[in-house]
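To keep things clear, I will list the structure first and then write my remarks on it.
Taken together, the values in this text are just the output of simple stated rules run on the coordinates, not laboratory data. Because the structure is predicted, anything quoted here is derived from the model rather than measured. Every residue, glycine among them, receives a Cβ derived from its backbone with ideal geometry; neighbour counts consider all protein chains shown.
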Amino acid sequence: MLWHTSCLIRLSVISRGRAVPLGWRVRKHGSATVSLEMYQEWLEEAKTRLPCAREVVLLADRGFAETQLMSQLRQLGWHFRIRITSNFWMHPSHVAAFQVGEIALKPGHMRCWQGGWMTDKRCGPVHLAVARPFGSDAYG
């Protein structure tokens, strides 16, 4: 967010441990949550600029946590690591569904689930990792 009025979206590749921007866009937008329509074409264009033989992993903050994006990334053949908010519902294959915020962790602990589905739309399969850092009331 820039001055609570605009949102900066940057697409970068990692080379030798550095993020090298492919491009960025600034949109008048009062929230960090960005709709897929705002950058969908940009992802398609980025695919044409990246080497075919490379594995692509999209890293994004929770403003990009939406099942439509995850579906598009799968269609592009990309992997993703996206932070999600505590109100997301998870549907693991081996336990009852739960909201991420219901997970009770002690500081310094983490939990992982493999092969579950996210939200009532059953986006997946996805993996979930939840951690609570030392000295923090928040989950990471």
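Ranked by the mean number of other Cβ atoms within 10 Å of their residues, highest first, the peptides 119-131, 11-23 come out as 119-131, 11-23. Calculate the length of the line joining the C-alpha centroid of the stretch 1-45 to that of the stretch 66-139, in whole Å. Computed from Cα coordinates, the inter-centre distance equals 22 Å. Between the beta carbons of residue 122 and residue 95, assuming R0 = 22 Å, the FRET efficiency works out to 0.90 to the nearest 0.05.
Label sites at residue 6 and residue 86, each approximated as a point 7 angstrom past Cα along Cα to Cβ, lie 3.3 nm apart. Give the label of the value calculated from the structure for Kirkwood radius over Cα pairs in Å, choosing from (1) 19.9; (2) 18.0; (3) 16.8. Of the listed options (1) 19.9; (2) 18.0; (3) 16.8, (3) comes from this structure.
For the chain, the relative contact order comes to 14 percent (Cα pairs under 8 Å, sequence separation of at least 6). Computed from backbone phi with θ = phi - 60° and the Karplus coefficients 6.51, -1.76 and 1.60, the 3J(HN,Hα) list for the stretch 101-118 is x, 7, 6, 9, 10, 7, x, x, 10, 9, 9, 9, 10, 10, x, x, 10, 10 Hz; x is used for glycine and proline.
Between 0 and 90 degrees, the angle of helix 67-76 with respect to the longest Cα principal axis of the chain falls at about 60 degrees.
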